[in-house]
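> Provided herewith is a single structure, encoded as structure tokens, for subsequent inquiry.
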Amino acid sequence: MPWTVYYQTTHANVHRGVYTFAEEADRLYDASRVAVGRFIGAPDPEHEVIFTKNATESVNLVAATWGRANLGRGDVVLLTDMEHHANIVPWLMLAEERGVELRWVGLDEEYRLDLSDLERLLDGVKLVACTTMSNVLGTITPFADIAEAAHRAGAVVLADGAQSVPHLPTDVGGLGCDFLAFSAHKMLGPTGIGVLWGRRELLEEMPPFMGGGGMIRDVRHDGFTPNELPWKFEAGTPPIAEAVGLGAAVSYLQAVGLDAVHAHEVELTAYALSTFEERFGSDLKIFGPSGTSERGGVLSLAFRDVHPHDLAQVLDQAGVCVRAGHHCAKPLMRRMGVTATARASFYLYNDESDVDVLADAIAEAGTLFA
Amino acid sequence: MTGLEDLYREIILDHYRSPRNRGELPAPPARRVEGFNPLCGDEVVVYVQVQDGTVSDIRFAGQGCSISQSSASLMSAAVKGKTVAEARDLIRTFKAMMSVHEARLGDGADGTGAGNGSGDDGPGTTVDPESLGELAALQGVVKFPVRIKCATLSWNTLAQGLDDDEKGEPDSL
């Protein structure tokens, strides 16, 4: 495994030493950056891919640097009702700190974005921050259309790709975003590492994020000069083994092919939807679009009046791991009229037998809480 | 593996399906206290009326899983008519039953906004389940550490209510 190779053969810091182990660490770390950049179609992977702690830190980086440099009282940030807290709270913090106004794109009855009023909502907007796929509903948003409209209105566009990058082919040019945030742990990679991709011109203009070693070119008693991209945004010893692990995950996914991953999930989701309909009918509510072309393989479930926590407990006994709770999307949960759901999600390692085990366990919960 | 029957005892399911003392009390004179479990979004509202040092009436509202709801129901039945001192003893005993694991999970980090009022319950207290009556049915929860917060939510909230009452503070929000 490449990241265990890192610990076994170098375990040196990056961008400091001239000894062999350090050079090897540099090589592994920089190669991962390029691999990740190519994975998302970045035109300039060596400069535009910033390693962060997770997608949350990536969004916070943009809010704290681009946001503080460009947003003031009365400036508008447009979000949607299906955002994860990671793409809400950093903007709420800016709203509190400097009076930035937040606007929200609503949802239609099938929990898709309601874009009927987009032109009006975009009026005067400086930043649009929007998910490419909901982590609760599975809804795939028409991101490229939104980005195009946003750019026409003069806004910068941030894509929260934490849910879609692992499951759909990603090309930052095709998406039309200016920033893309995602996390390694949702795409077969390690925890503790995420990515911010940004257009080079924007990244060049932005002030640094955290201060410390690695992010500087020079430090004096009276000031400092920031380093070049991407190191300007990577203060301190980075998560080296994790970056190498993400590089390995990306290589694996590319070998399988994201088109194949997506096709597998579409098939599995269709099987799950028809199985659930057949076995549970209206007793099992699934939030989100009914068509598999508009959604990914996350199914937020509400089963009769069984509390999601109880449902998840019974599923756990059957070896099925689902998240029960608000999925870090409380404004969306309020819109859905629930405090929690149990969410099953599929990936390339699942198959139809997993759906059958899940369905059996749901039936068992129905018996226990009848 | 620990079986579900350890968690979902018949008494628990009975209190979940037919909760006792569910509802509201006019506040004032009752105290109204809210408790939250931010991990799962569960919330409970406890209404407690103290008269002459006795818990003369108690109700609970809110929404939650079978463990949090049945625990609130069992608690309400157990403390109604008890003196405040007896109610506090019961809270202490109940939390001790849950506390070895709770301490390990990091007590006080639950952010319920309520509770920790009777924070003197510590690990090491020996609990005789017999003394808890029906409440002993919740013993199995400690085998499912992530569910302990569900079971203690209403108890922490009641403790907060009794603390507020003693201090004569306005209702906690």
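> Output the number of residues of segment B:18-41 satisfying the condition of being touching a Lys or Arg at 6+ places or on another chain (Cβ under 9 Å), crowded, with 19+ Cβ neighbours inside 10 Å and within 14 Å of chain A (Cβ to nearest Cβ).
3
> Also, I was wondering about something else. Of the conditions (1) without any contact (Cβ under 8 Å) to a residue 60 or more places away in the chain; (2) on the phi > 0 side of the Ramachandran plot; (3) assigned to a loop (DSSP other than H, G, I, E, B), A:H327 clears all except one; give me its number.
For A:H327, the failing item is (1).
> Considering segment B:42-65 alone, what residues qualify as being under 12 Å from A:A340 (Cα atoms) and either of a type in the set (S, T, Y) or buried (at least 22 other Cβ atoms within 10 Å of the Cβ) (or both)? Let's see the steps before the verdict.
Initial filter on segment B:42-65 (under 12 Å from A:A340 (Cα atoms)): B:42-43, B:63-65.
Hits for segment B:42-65 are B:D42, B:G64, B:C65.
> Would you pick out the residues in segment A:323-352 that are within 14 Å of chain B (Cβ to nearest Cβ), under 24 Å from A:A249 (Cβ atoms) and crowded, with 20+ Cβ neighbours inside 10 Å?
A:H327, A:R343
> Here is a follow-up. Checking A:A260 against (1) within 13 Å of chain B (Cβ to nearest Cβ); (2) outside any strand (DSSP E or B), which test does it fail?
Of the numbered conditions (1) within 13 Å of chain B (Cβ to nearest Cβ); (2) outside any strand (DSSP E or B), the odd one out for A:A260 is (1).
> Please find, within segment B:52-69, the residue that is nearest to the other protein chains (Cβ to nearest Cβ) out of those that are under 23 Å from B:D6 (Cα atoms) and in contact (Cβ under 8 Å) with a residue 60 or more places away in the chain.
Going through the qualifying residues, I end up with B:C65.
Matching residues to (1) within 19 Å of A:L175 (Cα to Cα); (2) in a loop (DSSP other than H, G, I, E, B):
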residue	(1), (2)
A:A42	yes, yes
A:I50	yes, no
A:S58	yes, no
A:A64	no, no
A:G74	no, yes
A:L78	yes, no
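> Tell me which residues, restricted to segment A:49-75, are of a type in the set (K, R), within 19 Å of the chain's Cα centre (by Cα) and more than 24 Å from A:D30 (Cβ to Cβ).
Result: no residue meets the conditions.
> Within segment A:297-320, how many residues turn out to be under 23 Å from A:H262 (Cβ atoms) and either modelled with pLDDT of 95 or more or within 11 Å of chain B (Cβ to nearest Cβ) (or both)? Give the derivation first.
Our first condition is that a residue be under 23 Å from A:H262 (Cβ atoms); within segment A:297-320, this holds for A:297-301, A:320.
Going one step further and asking which of them are either modelled with pLDDT of 95 or more or within 11 Å of chain B (Cβ to nearest Cβ) (or both), we end up with A:298-301, A:320.
Residues meeting the conditions: 5.
> Moving on to the next point. For segment A:333-356, enumerate the residues that are in a loop (DSSP other than H, G, I, E, B), of a type in the set (G, A, S) and in contact (Cβ under 8 Å) with a residue 12 or more places away in the chain. It would help to see each step written out before you state the result.
First, the residues of segment A:333-356 that are in a loop (DSSP other than H, G, I, E, B): A:337-340, A:346-351.
Filter once more, so that each one left must be of a type in the set (G, A, S): A:337, A:340.
The one that is in a loop (DSSP other than H, G, I, E, B), of a type in the set (G, A, S) and in contact (Cβ under 8 Å) with a residue 12 or more places away in the chain: A:A340.
> List the number of the failed condition for A:W91; all other conditions in (1) crowded, with 21+ Cβ neighbours inside 10 Å; (2) within 28 Å of A:P239 (Cα to Cα); (3) touching a residue at least 60 places away in the same chain (Cβ under 8 Å) hold.
(3)
> Could you check, for segment A:74-90, whether at least one of its residues is touching a Ser or Thr at 6+ places or on another chain (Cβ under 6 Å), closer than 30 Å to A:W3 by Cβ and not acidic (D, E)?
Looking for residues that are touching a Ser or Thr at 6+ places or on another chain (Cβ under 6 Å), closer than 30 Å to A:W3 by Cβ and not acidic (D, E), one finds at least one in segment A:74-90, hence yes.
> Given the criterion β-branched (V, I, T) and under 27 Å from the mean Cα position of the chain (by Cα), identify the matching residue among A:V314, A:V261, A:V306.
Values: A:V314 fails: under 27 Å from the mean Cα position of the chain (by Cα); A:V306 fails: under 27 Å from the mean Cα position of the chain (by Cα).
Result: A:V261 is the single residue among A:V314, A:V261, A:V306 that is β-branched (V, I, T) and under 27 Å from the mean Cα position of the chain (by Cα).
> I've got another one for you. Scan segment A:195-238 residue by residue and report those that are part of a loop (DSSP other than H, G, I, E, B), closer than 15 Å to A:K53 by Cα and in contact with a Pro (Cβ under 8 Å, 6 or more places away or on another chain).
A:A235
The values are calculated or read from the model by the stated rules, or taken from the named source; none is laboratory data. None of the values given here were measured: they were computed from a predicted structure. Methodologically, a virtual Cβ is constructed for each residue, glycine included, from the backbone with ideal geometry; neighbour enumeration extends over all protein chains shown.
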